[in-house]
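A short write-up of the structure that comes next.
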Amino acid sequence: MDRTPAPAPTVIFLPAGLLLAVKAGAAGEVLAVMQGAVRDSERGMWAVTVPKGLELAVRAALHDGLQQQLADEPPHRHATYRRFADRAMTSLLA
């Protein structure tokens, strides 16, 4: 019997507005992952655990959610949301 441990999931951190924007456009497994987000009071954000194999799907949903969030936010907030999304996308590539 092979006792190789399962690959560890990736945890990304998103602000509430971006999480809601991703949830609004997500479906299936990606939506289930986003709905499993847990509030991280220490960071003041939502921790999302992304299982191995769903990284690319979550990245695509994050990109779409970011575009929606930027359309809804005033321009002075765009850099902040882009920074959060970039950090999450970079984590998903590692």
Q: Keeping all protein chains in place, calculate the accessible area per residue for the chain (probe 1.4 angstrom), answer in Å².
A: 62
Q.
Just to compare against my own numbers: the Cα pair-distance distribution for region 39-94, 10 Å bins, whole % per bin, please.
A. 21, 50, 28, 1
Q | Rg [Å, one decimal], Dmax [Å, integer] - region 3-54, C-alpha atoms | A | 12.0, 41
Q.
Please compute the modelled spin-label separation between Ala27 and Gln67, points set 7 Å along Cα→Cβ, answer in nm with one decimal.
A. 1.6
Q: For region 47-82, state which trypsin sites (Lys or Arg not before Pro) are in a DSSP loop and have at most 12 other beta carbons lying within 10 Å of their beta carbon.
A: Lys52
Q) In whole angstrom, and with the biggest value first, how far do the Cα coordinates of the chain range along each principal axis? A) 56, 29, 21
Q) In degrees between 0 and 90, to the nearest 10, how far off the longest principal axis of the chain does helix 55-72 point, with axes built from Cα atoms? A) 10
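The values are calculated or read from the model by the stated rules, or taken from the named source; none is laboratory data. All figures in this text were calculated on a predicted structure; none of them were measured in a lab. As a convention, Cβ positions derive from the backbone with ideal geometry for all residues, glycine included, and neighbour counts pool all protein chains shown. Only protein heavy atoms, including side chains, enter the accessible area calculation; ligands, DNA and RNA are left aside. Shrake-Rupley method; radii C 1.70, N 1.55, O 1.52, S 1.80 Å.
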